[in-house]
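Working notes for the structure below.
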Amino acid sequence: MKYKALFLDLDGTTVPLGSTTPSLRVIEAITRAHTKINICIATGRPLNISKPIIHQLHVTSLCSVHDATQIYDPIKDIVVDTVPLAHEFADKVIRIFKNYNLPKIYVEAGVKVSLYIGEAWPKDLSDIAVEDLTENLADKLISELSKISGIAIHKNVSFKKGYYWVSVVSEQATKLHAVVRLAELLGVNTKEIIGIGDSYNDFPLLEACGLKIAMGNAVPELKAIADFIAPSVEDDGVATIIDKFILNNE
């Protein structure tokens, strides 16, 4: 099949975990692929952290950032769509987080990230997150949060080795929803999309795409649903996929 779009996760996929600099080989591969396919980023990173990487990669297609709560237009350098988190759900989430006496709870609204200090919710609330959890605690929180309808829960690998983030957004803010929405805006069928990821929040991304690719460093559960396993991020797996399925797939 001749694919029409490529959706890339950032951390652990396009760049090493916590890095802000893609390898030269990955940059060159994406640059060459631009003439043949739409390149879109689908990342949990906030826009202010995602933007420098998007620009280094010379990505011009619409991107999903900030746990799929924002659609960003790199050409106009603006957020063109947002998915808010209703305050009624936020109240329920914060009660659970408080029950676990978590020291730092992050509230994200627009491009602003701040610590929760008990004030009224901002109108443009999009995300509530807690950081640096053991996997056992992360899974306990997810089990509790799963009882709340109307939300989506993202488990992300932390930059701190062996730890995890848990973030809560609207049920309409997953990478699956982002892929479907961007495919509509780009005028492509989701079956014509390649999705590449490595972590738990990339399950919806791969589920939405016609060709599902997990990185060599991906969590085992993601590899289990993938059509193809790429080399690891350290071995420039994204560049290998671009060569195999885009540049050499005439």
In degrees, nearest 10, the alpha-carbon axis of helix 24-33 is tilted away from the dominant principal axis of the alpha carbons of the chain by 70
Given contacts defined as C-alpha pairs under 8 Å and at least six residues apart, what's the relative contact order of the chain, whole-number percent?
21
Mean separation of Cα contacts under 8 Å (at least 6 apart) over the residue count of region 14-85, i.e. the relative contact order in percent, is 24
Charge dipole magnitude, Cβ of K and R +1, D and E -1 - the chain, Cα centre, debye nearest 20:
80
Please identify the longest segment of the chain free of exposed trypsin sites (Lys or Arg not before Pro), where exposed means a DSSP state other than H, G, I, E or B and no more than 16 other Cβ atoms within 10 Å.
162-250
Take the cross-link list Lys4/Lys191; Lys104/Lys155; Lys112/Lys175; Lys123/Lys175 and give me the ones stretching past 19 Å between alpha-carbons.
Lys112/Lys175; Lys123/Lys175
Partner aspartates and glutamates for Lys36 [C-alpha distance under 17 Å; skip if fewer than 8 residues away on the same chain]
Glu28, Glu192, Asp243, Glu250
If neighbour count is taken as other Cβ atoms inside 10 Å, put Ile241, Ile148 in order from fewest to most.
Ile148, Ile241
Taking only C-alpha pairs under 8 Å that are 6+ residues apart, what is the relative contact order of region 87-170 in percent?
29
State whether region 165-210 is rounded, prolate or oblate according to the following rule on the C-alpha gyration tensor (a ≥ b ≥ c being the square roots of its eigenvalues): a/c under 1.5 gives rounded; otherwise a/b larger than b/c gives prolate, and the remaining case gives oblate.
oblate
What percentages, rounded to whole numbers, describe P(r) for region 87-170 computed over all alpha carbon pairs with 10 Å bin width beginning at zero?
17, 57, 25, 1
Starting from 0.36 nm per residue, how many nanometres of slack lie between Lys191 and Lys104 once their C-alpha separation is accounted for?
27.3 nm
Asp81 paired with Thr60, simple spin-label distance in nm, labels 7 Å along Cα-to-beta-carbon
2.1
Quote to one decimal, in nm, the extra length available between Ser149 and Arg95 on full extension: 0.36 nm per residue of separation minus the C-alpha distance between them.
18.0 nm
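A short reminder: the numbers here are calculations on the coordinates, not readings from a lab. Just so we're clear, the structure is a prediction, and the values are computed from it rather than from any experiment. With ideal geometry, Cβ positions are generated from the backbone for all residues, glycine too; neighbour counts draw on all protein chains shown.
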